[in-house]
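The values are calculated or read from the model by the stated rules, or taken from the named source; none is laboratory data. Bear in mind the structure is a predicted one, so any value in this text is a computation, not a measurement. In this analysis, Cβ positions are derived from the backbone assuming ideal geometry, glycine residues included, and neighbour counts consider all displayed protein chains.
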Amino acid sequence: MNFKMSVVVRTVADIMIIPIIVFGIYLILHGHLTPGGGFQGGAVIASATALLIVAWGTLKDNKDDFSTMESTGLTMFFLLALLGIIMGFSLFYNSLAGTGGIFGGTVSGINPGYINTGGTVPLMNIVVGLEVVAALSLILYMMAKRSDALEVEE
Amino acid sequence: MNWFTLFPLIMVVTLIIMGLYVVLFKKNLIKIIMGIALMQNGANLFLVSLAYREGYVAPIWTSAPSADMVLPTPHALTLTSIVIGVATTALMLSFVMMIKKHYGTINSDEVRRCRE
Amino acid sequence: MKKIIALIALIVISAFMLGGVAEMRGDDGSFGNPVETEMDDFFLEDSQDHNQVNNVVTAVLFDYRGLDTLGEATVLFSAVSGVLTVLRKYKLSKKENLTKLTKSSKGGKK
């Protein structure tokens, strides 16, 4: 079955996924400064997948890429949690905060917000964002692909 | 007792009772999933309304108008709960898709009758 | 009969929930005055002292209650695995073809 919509809808969808993905990346990268984070940004980027599926009917088969992305996100999240133990503290200890390295700046009080702060929290935002994008996109892709299962042959 | 100040909690009860009514009395599986989603939203609203402190701001220090902030922990719980809700709802809808394929119906009584 | 029992259960549960809501939040029943706030006040101060994070919700999510988030990510992974398993392509053998079973039982009623 062909669920492809008209050329107007397809073109607008192809253009509109760019600001959607950019906004999602902004939400993920500024998760430790403004409202947002890995979960919300990932859901926003997955909505771009939903838009493409609505416009084009289906996507090409990239199920394995999404599966790899999701497994990578979960594994990296657990490795970042283990980083606290490796550095000599407890599980999920923020061992990079305030050390001056990457994401190692310091904040205090009410401030305008500096992106180079937070320790492991922005890194965890990124990997959780990867996982949520892959998970929701995979669900949408599989449900769109197998929607022809609803037709019971008579 | 001022019932008006309890309005969000009464809305929580309304949502959960509506969801429970749908789950108990409807036969369509899609409607039952809608009822479960209503109950999920009631639980999320309950958590968020637990975090509220009157006159306080959101718990984010970036350009905050004041240092008096609402409780952050229920917000974090709600955040994870929403994503879990989406994933489990998708799982239930997948089950319904397969039930429709195998049994040809999504009425829960007829699905049960087919098993005999 | 079943519907009457369900209706009674619904009424009893809603009565209990409304009573619980009416008795919440201490003596005055006011909304917006949480009583136990020591843990959250500690999070509000400590997220800038030790985590250097402005967004306190993110700090709670990924540092103080990180194990909760790890379990949540695992549940998300499991749900996606379940969707992939349920919606995979497979063929039923003729013995357990439930579609044919349904049709034969419908036709067998006559």
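Of C:Thr69, C:Thr74, all but one fail to be facing chain A (nearest Cβ under 9 Å), modelled with pLDDT of 90 or more and loosely packed, with under 14 Cβ neighbours inside 10 Å; the exception is C:Thr74. Residues that are at pLDDT 85 or above, exposed (fewer than 14 other Cβ atoms within 10 Å of the Cβ) and among the β-branched types (Val, Ile, Thr) within the range C:1-57 comprise C:Ile4, C:Ile5, C:Ile8, C:Ile11, C:Val12, listed in sequence order. The residue pairs whose first member lies in the range C:9-29 and is within 16 Å of B:Thr5 (Cβ to Cβ), whose second member is of a type in the set (A, V, I, L, M) and at pLDDT 80 or above, and whose beta carbons are closer than 6 Å, counting only pairs six or more residues apart or on different chains, are C:Leu18/B:Val13; C:Val21/B:Leu9; C:Val21/B:Val13. Of the residues making up the range B:30-49, those that are within 12 Å of chain C (Cβ to nearest Cβ) and either aromatic (Phe, Trp, Tyr) or in contact (Cβ under 8 Å) with a residue 60 or more places away in the chain (or both) number 1.
I'd like to check something: does the range A:38-54 contain any residue that is without any contact (Cβ under 8 Å) to a residue 24 or more places away in the chain and of a type outside the set (Lys, Arg)? Don't jump to the end; show me each part of the working.
In the first step, residues of the range A:38-54 are kept if they are without any contact (Cβ under 8 Å) to a residue 24 or more places away in the chain; the result is A:40.
Then keep just the ones that are of a type outside the set (Lys, Arg); that gives A:40.
Yes, the range A:38-54 contains at least one residue that is without any contact (Cβ under 8 Å) to a residue 24 or more places away in the chain and of a type outside the set (Lys, Arg).
Within the range A:128-154, the set of residues being surrounded by fewer than 24 Cβ atoms within 10 Å (Cβ to Cβ) and either within 9 Å of chain C (Cβ to nearest Cβ) or at pLDDT 95 or above (or both) comprises A:Met142, A:Met143, A:Lys145, A:Arg146, A:Ala149, A:Val152, A:Glu153. Just a yes or no: is a residue in the range B:50-70 surrounded by fewer than 20 Cβ atoms within 10 Å (Cβ to Cβ), in a helix (DSSP H, G or I) and either more than 9 Å from chain C (Cβ to nearest Cβ) or in contact (Cβ under 8 Å) with a residue 40 or more places away in the chain (or both)? No, because not a single residue in the range B:50-70 is surrounded by fewer than 20 Cβ atoms within 10 Å (Cβ to Cβ), in a helix (DSSP H, G or I) and either more than 9 Å from chain C (Cβ to nearest Cβ) or in contact (Cβ under 8 Å) with a residue 40 or more places away in the chain (or both). In the range B:21-29, is there at least one residue being assigned to a helix (DSSP H, G or I), facing another protein chain (nearest Cβ under 10 Å), surrounded by fewer than 16 Cβ atoms within 10 Å (Cβ to Cβ) and out of contact with any Asp or Glu (no Cβ under 9 Å at 6 or more places or on another chain)? Yes, the range B:21-29 contains a residue that is assigned to a helix (DSSP H, G or I), facing another protein chain (nearest Cβ under 10 Å), surrounded by fewer than 16 Cβ atoms within 10 Å (Cβ to Cβ) and out of contact with any Asp or Glu (no Cβ under 9 Å at 6 or more places or on another chain).
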